[in-house]
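Data first, discussion second: the structure below is written as structure tokens.
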Amino acid sequence: MLRIEVLFDKNAPQKPSSVVLQALETEILRKLQNQYPDMVTRVGFSSQQRVNISGTKIAEDKTRIEEILEEIWMDDGWVPEEEQVE
């Protein structure tokens with residue numbers, strides 16, 4: 001079973017909001033769930049920032065998943081607009 005963890009440093013001065021974390025997880029699922037229907041994702045905070053991909057059977061799968069995650073990160077169209085504070 002494929003497992004993807006995207007973890008952000010909980011002590012970083014600029015942390016993503018819970019809305020952004022949820023949007024990122026939704027986008028990962030949207031892009032990968034058809035190919036890996038039993039995959040498990042976790043997007044959240046940890047003591048250090050990291051991306052962990054486990055459960056792939058061949059190296060090419062892991063490489064392709066890393067490329068897709070990078071594409072998601074670079075295309076910020078999934079990031080929700082911040083609410084305007086008045």
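Tabulated data for the structure shown
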item: Under 18 Å from LYS31, Cα to Cα: lysines that are on another chain or at least 8 residues apart; result: LYS62
item: Length released on extending from TRP78 to GLN33, taking residue separation times 0.36 nm less the Cα-Cα span; result: 14.6 nm
item: Angle between the chain longest axis and helix 59-74 axis [Cα atoms, degrees, rounded to 10]; result: 20 degrees
item: Theoretical FRET efficiency, 1/(1+(r/R0)^6), r = Cβ-Cβ of GLU25 and GLN48, R0 30 Å, to 0.05; result: 0.95
item: Computed P(r) (all Cα pairs; the chain; 5 Å bins; percent); result: 3, 13, 24, 25, 18, 10, 5, 2, 1, 0, 0
item: Loop trypsin sites (Lys or Arg not before Pro), region 4-69, which have at most 16 other Cβ atoms in a 10 Å radius of their Cβ (DSSP); result: LYS10, LYS57
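Laboratory data are not the source of any read-out in this text; all were calculated from the coordinates shown. Note that this is a predicted model, so its numbers are computed, not measured. When we count neighbours, we look across all protein chains shown, and the Cβ atoms used for this are built from the backbone with ideal geometry, even at glycine.
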